[in-house]
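The values are calculated or read from the model by the stated rules, or taken from the named source; none is laboratory data. No experiment lies behind these values; they were computed from the predicted model shown. No Cβ is skipped: glycine too gets one built from the backbone with ideal geometry, and neighbour counts run over all protein chains shown. The area values use the complete protein model at the heavy-atom level, side chains included, leaving out ligands, DNA and RNA. Shrake-Rupley method; radii C 1.70, N 1.55, O 1.52, S 1.80 Å.
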Amino acid sequence: EDLSCFIIRNVFEELGNTVGKAYLLELSKYRCVLLLNMDGADTDPEYILEEGQKFLKQFYQVVMTVGCSDIHEGVLGISDAYKEAQEAVRYRFLMGLGGRICYREIRHRSLQSQNNGESKIYMMMLNYVNEANDKRDVNSFVEHLMYIYEMNEEVSMDVAGLFKKEVIGSLLRIMT
């Protein structure tokens, strides 16, 4: 773990230093934050993330998901940038592992899919998983899912089995 963190820090700080100054902080096991203080407005931080991910995958077989915030100015912008990057990473179950998820794409996507039933279900599950420590009633959660999926006592066992697999698969995608 220490060696992996050392390699990741060096790769991203070296790449980030080509466009300004970079600081990689380890928040917890498997969770880091990269702060970029870029010299110019025309600098693309996504390029640094893409190159770092490619390098780590090619030479070290390290696959990582990266959440990227919008660009913020000043020290006061760090908090907003961190919140946006965290929000972006929450979507990894939809976007897949090993990708770059940018906050502006998530914001745009959420505006487009506000009426998309499947997205609502995933977001409901994600919220349930994130707030699972508040002891919500699991039965009411499942009943609500059954209502959304239009499940009732008249469905066949095959359909009920598919529903069960879909719910479990969705929860596994959210939690990984």
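Brief remarks on what is shown
For (1) among the aliphatic types (A, V, I, L, M); (2) farther than 16 Å from ASP70 by Cβ, each residue gets a yes or a no:
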{"site": "GLU13", "(1), (2)": "no, yes"}
{"site": "GLY16", "(1), (2)": "no, yes"}
{"site": "VAL19", "(1), (2)": "yes, yes"}
{"site": "ALA22", "(1), (2)": "yes, yes"}
{"site": "LEU25", "(1), (2)": "yes, yes"}
{"site": "LYS29", "(1), (2)": "no, yes"}
{"site": "LEU35", "(1), (2)": "yes, no"}
{"site": "PRO45", "(1), (2)": "no, no"}
{"site": "ILE48", "(1), (2)": "yes, no"}
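- Of all the numbered requirements in (1) closer than 30 Å to ILE168 by Cα; (2) of a type in the set (Val, Ile, Thr); (3) open to solvent by 70 Å² or more (accessible area, probe 1.4 Å), VAL62 misses one, and that requirement is (3).
- Unmet requirement for GLN58, which otherwise passes all of (1) within 18 Å of GLY99 (Cβ to Cβ); (2) in contact with a Leu (Cβ under 6 Å, 6 or more places away or on another chain): (2)
- In region 76-99, the residues that are open to solvent by 60 Å² or more (accessible area, probe 1.4 Å), modelled with pLDDT under 85 and assigned to a loop (DSSP other than H, G, I, E, B): ARG90, LEU97
- Here ARG31 clears all of (1) within 15 Å of ARG100 (Cβ to Cβ); (2) open to solvent by less than 100 Å² (accessible area, probe 1.4 Å); (3) of a type in the set (D, E, K, R) except the condition numbered (1).
- Residue list for region 45-55, restricted to those being closer than 17 Å to TYR103 by Cα, surrounded by fewer than 16 Cβ atoms within 10 Å (Cβ to Cβ) and touching a helix residue (DSSP H, G or I) at 6+ places or on another chain (Cβ under 9 Å): TYR47
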